[in-house]
Amino acid sequence: MRAFWLIFLGLLLIHQDFWNWSSEEIIAWGMPVGLIYHAGFSIACSLLGVWAVCRAWPAFWEQYAAQQDETIEGTTEKNLINSSK
Amino acid sequence: MNVLWIIIGYLLVLLLLGWGSGRMFRGTSKDFFVASHSIGPFLLLMSVFGTTMTAFALVGSTGKSFERGIGTYGLMASISGLVHMAIFFLVGIRLWALGKKHGYLTQIQFFRERFESQRLGYLLFPILVLLVIPYLLIGIIGAGKVIEPVTAGLFPQIFTNPTIPAWSGGVPPWLTGLVICLVVLSYVFLGGSRGAAMANAFQTLVFMAMGVVAFYFIVQSLGGFVQAGSVPMRITESGVVVQDFRYDKELGQLVANEPPKKIGKLSSSSSSNLTDRHPHLWREPVTVEFQKKHPKTGELVPFEREVGIPFITFVTYLFIPLSVGMFPHLFQHWLTARNARAFKLTVIAHPICIMIVWVPCVLIGSWASGLLPPGIPPPAVLSAMLNMLVGDPLLTGLLTAGVLAAIMSSLDSQFLCLGTIFTNDIVVNRSAKDRYTDAQKLRIARTFIVVIVAVTYLLAMALKNENVFDLAIWCFSGFSALFPLVFSALYWKRATEAGAVASILVALVTWAYFFHKSGYGGEYFVGPGIVPAAICFFASAGAMVLVSLFTSPPAQPTIDRFFPSQS
């Protein structure tokens, strides 16, 4: 999970692409550099998603939800009524 | 007339889909509210994406790009790709697991148990409703803005009081809003959250496909990508702002303006060399003075607009997408997931889906700056470009249906969510377990939904000239300010009830203060361009930390319940 946070912060930093701020150079498909850079950034975010799903998947929470002991509808209301008495 | 028939046909398809999902409805309140946790990966992606992309994404992004240029994409879309993906991964999966395990149907049920507090729900409920309403408003306002221009001239005898003279005879926003609300209500009533998820998936596919088709035809009309890239308004050597081209409808192509058409003049800029630059294709801020016709008198009135985006605004905008962590309708969508694995596709594909929708819209908006009058209302830019450049009624009808799809795919979830939280968190909450039957719960939820739709519709008509992008930003800012609440609830054992209450109150007060300063919904920045959401977020987070540290920690059973041992 630490690696996820590090990559996330890295992406957050390179999102502020001040080096493209004053450039209107058209790179491809009528898109200026400032837009094509951020379209590439979107793809990088998706790749981080792939990495997270493959390498940092929270399997614990999946198993936790699968345990059936408290998944009775109405448990919540019953608990709240008891606790508020 | 073809345009209108296609739109009517599309709405009928939706009603049919609602009827189909109604046949799958199991008749229980759990099925109505969270589809009995049965939604798989594809439907989850489509419904989550369709819900987060509303008029804001299509109509708002094109309008904002028309005003500020291509920086709009980095400002909202690419940062949303990163932040949304992280929230689905870090917050969504945990909330789904806790919700499934403990039987929660709403966000408030989770917060009440996590913070051991009944009153927290009563505090949070009106705030969530008040923040969702502007989100609903942008959908209804956006729909009205889209339909009127594309149906202009169809009913000259009936609709004689248009928003602007050029749209005379078009279907007015009040009628569009009414029809949209009724259609969405119908399929939400019939199918509940499963109906909403199915309609969302269908509508998301429609608006993504139509977006790509619209983009293709607009690019073709502009003579290809290279030509289109030179269309945005230009600054001349003398600081005059000009449009170099116009679109000749008879020839069906771009024609050079000889001489270039003057539309404004440069007021201020920090850059020294602006000659022959296109300010919509970069982010350096420049202020331009334009003129527009007064809608009543026809007199030319000057107005100023900042094109580009100040650096500090760009940086602090990252706090806006945090709002998805607190959207109550998104929480409900997460709970519909069949299992945690259903989230995988959403985590991976959400940023790409955003890109597919936003890149064309942002480009169309920046190109529009070189073709449309600068005084046109920003929410009408997309329709005006479609009308001018595509022209063909069949295509315009299909593309307009795509825009409506984006709008309705958010409205349904929000209506449903408000009915769910009212029923479960206010009405059923304190009553005995068997006080209400499932049928009564469904009736209560549906009645509340009708009330909310009626109130929202009336508000939308009163605020129909508001900029949907700015209105949406205020709604998102409020939810972003509440983000510390959900994050600390999931990741900080020491977070207490008093901390949560303080965090909510500070978020509310700071948000209300800035909303008031903005003139109730306008664009507003603090100091050199700081987004108010950033300040609200830090104030709310600070209150949570400080007050929690000075109050007694939650009881051990509560900590064990929400922070199970992972060893």
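The values are calculated or read from the model by the stated rules, or taken from the named source; none is laboratory data. Owing to the predicted nature of the structure, the values given are computational and were not obtained by experimental measurement. Because the Cβ atoms are built from the backbone with ideal geometry, glycine has one as well, and the counts that use them run over all protein chains shown. SASA here: full protein model, heavy atoms, side chains in, ligands and nucleic acids out. Shrake-Rupley method; radii C 1.70, N 1.55, O 1.52, S 1.80 Å.
Conditions first: (1) open to solvent by less than 40 Å² (accessible area, probe 1.4 Å); (2) in a helix (DSSP H, G or I); (3) out of contact with any Cys (no Cβ under 7 Å at 6 or more places or on another chain). B:GLY521 passes all but one, so which condition is the exception?
Tallying (1) open to solvent by less than 40 Å² (accessible area, probe 1.4 Å); (2) in a helix (DSSP H, G or I); (3) out of contact with any Cys (no Cβ under 7 Å at 6 or more places or on another chain), B:GLY521 fails exactly one: (2).
State whether one or more residues within the stretch B:264-275 are away from every other protein chain (no Cβ under 14 Å) and of a type outside the set (Gly, Ala, Ser).
Within the stretch B:264-275, one or more residues are away from every other protein chain (no Cβ under 14 Å) and of a type outside the set (Gly, Ala, Ser).
Scan the stretch B:133-156 residue by residue and report those that are assigned to a loop (DSSP other than H, G, I, E, B) and open to solvent by 20 Å² or more (accessible area, probe 1.4 Å).
B:ALA152, B:GLY153, B:LEU154, B:PHE155, B:PRO156, listed by residue number.
Count, please, the residues in the stretch B:97-108 that happen to be at the interface with chain A (Cβ under 7 Å from one of its Cβ atoms) and open to solvent by less than 10 Å² (accessible area, probe 1.4 Å).
Number of matching residues: 4.
I need the full set of residues from the stretch A:1-20 which are out of contact with any helix residue (DSSP H, G or I) (no Cβ under 7 Å at 6 or more places or on another chain), modelled with pLDDT under 90 and under 26 Å from B:GLY365 (Cα atoms), in order please.
A:TRP19
Determine which member of the set B:PHE110, B:PHE33, B:PHE88, B:PHE125 is more than 28 Å from B:PHE311 (Cβ to Cβ) and out of contact with any helix residue (DSSP H, G or I) (no Cβ under 6 Å at 6 or more places or on another chain).
Testing whether each residue is more than 28 Å from B:PHE311 (Cβ to Cβ) and out of contact with any helix residue (DSSP H, G or I) (no Cβ under 6 Å at 6 or more places or on another chain) leaves just B:PHE110.
Would you call B:VAL547 of a type outside the set (Asp, Glu), touching a Gly at 6+ places or on another chain (Cβ under 7 Å) and within 23 Å of B:SER477 (Cα to Cα)?
In short, yes.
Could you tell me whether B:ARG430 is over 16 Å from the mean Cα position of the chain (by Cα), in a helix (DSSP H, G or I), modelled with pLDDT under 90 and surrounded by fewer than 24 Cβ atoms within 10 Å (Cβ to Cβ)?
No.
Given the criteria closer than 21 Å to B:LEU318 by Cα and in contact (Cβ under 8 Å) with a residue 24 or more places away in the chain, does B:TRP492 qualify?
Taking the combined requirement at face value, the residue does not satisfy it.
Among the residues that make up the stretch B:115-132, is at least one of them touching a strand residue (DSSP E or B) at 6+ places or on another chain (Cβ under 6 Å), assigned to a helix (DSSP H, G or I) and within 12 Å of chain A (Cβ to nearest Cβ)?
Among the residues of the stretch B:115-132, not one is touching a strand residue (DSSP E or B) at 6+ places or on another chain (Cβ under 6 Å), assigned to a helix (DSSP H, G or I) and within 12 Å of chain A (Cβ to nearest Cβ), which makes the answer no.
Confirm whether A:GLU73 is surrounded by fewer than 19 Cβ atoms within 10 Å (Cβ to Cβ), within 8 Å of chain B (Cβ to nearest Cβ) and at pLDDT below 95.
Here the answer is yes, as A:GLU73 does meet what is asked.
State all residues of the stretch A:46-69 that are among the charged types (D, E, K, R) and either surrounded by fewer than 16 Cβ atoms within 10 Å (Cβ to Cβ) or more than 7 Å from chain B (Cβ to nearest Cβ) (or both); if no residue qualifies, say none.
Passing the criteria: A:ARG55, A:ASP69.
On the given criteria, is B:GLY22 over 18 Å from the mean Cα position of the chain (by Cα) and assigned to a loop (DSSP other than H, G, I, E, B)?
Spelling it out, it is not the case that B:GLY22 is over 18 Å from the mean Cα position of the chain (by Cα) and assigned to a loop (DSSP other than H, G, I, E, B).
Condition test on B:ILE70, is it within 11 Å of another protein chain (Cβ to nearest Cβ), touching a strand residue (DSSP E or B) at 6+ places or on another chain (Cβ under 8 Å) and modelled with pLDDT of 85 or more?
Considered against the rule, which asks whether it is within 11 Å of another protein chain (Cβ to nearest Cβ), touching a strand residue (DSSP E or B) at 6+ places or on another chain (Cβ under 8 Å) and modelled with pLDDT of 85 or more, B:ILE70 comes out as yes.
What are the pairs with Cβ atoms under 9 angstrom where one residue, in the stretch B:435-461, is surrounded by 13 or more Cβ atoms within 10 Å (Cβ to Cβ) and the other, located anywhere, is charged (D, E, K, R) and in a helix (DSSP H, G or I)? Sequence gap at least six, or different chains.
B:ASP438/B:LYS30
Mind listing whichever residues of the stretch B:226-282 are in contact with a Gly (Cβ under 8 Å, 6 or more places away or on another chain), open to solvent by 40 Å² or more (accessible area, probe 1.4 Å), farther than 19 Å from B:GLY375 by Cα and assigned to a strand (DSSP E or B)?
B:GLN253
Looking at (1) within 16 Å of B:THR204 (Cα to Cα); (2) facing another protein chain (nearest Cβ under 7 Å), which is the only condition B:VAL362 fails?
(1)
Collect the residues in the stretch A:1-19 that are in a helix (DSSP H, G or I), closer than 22 Å to B:HIS280 by Cα and within 25 Å of the chain's Cα centre (by Cα), keeping them in residue-number order.
Residues satisfying the conditions are A:ILE14, A:HIS15, A:PHE18.
Checking the condition open to solvent by 10 Å² or more (accessible area, probe 1.4 Å), in contact with a helix residue (DSSP H, G or I) (Cβ under 6 Å, 6 or more places away or on another chain) and either farther than 30 Å from B:VAL34 by Cα or not aromatic (Phe, Trp, Tyr) (or both), which residue from B:LEU394, B:LEU371, B:LEU386 passes?
Answer to the check: B:LEU394.
Step by step: first the residues of the stretch B:288-317, then only those that are open to solvent by less than 30 Å² (accessible area, probe 1.4 Å) and of a type in the set (Val, Ile, Thr), then the one that is farthest from the other protein chains (Cβ to nearest Cβ). Which residue is that?
B:VAL288
Checking the conditions here, which among A:ILE43, A:ILE7, A:ILE26 is at negative phi, surrounded by 12 or more Cβ atoms within 10 Å (Cβ to Cβ) and more than 9 Å from chain B (Cβ to nearest Cβ)?
A:ILE7
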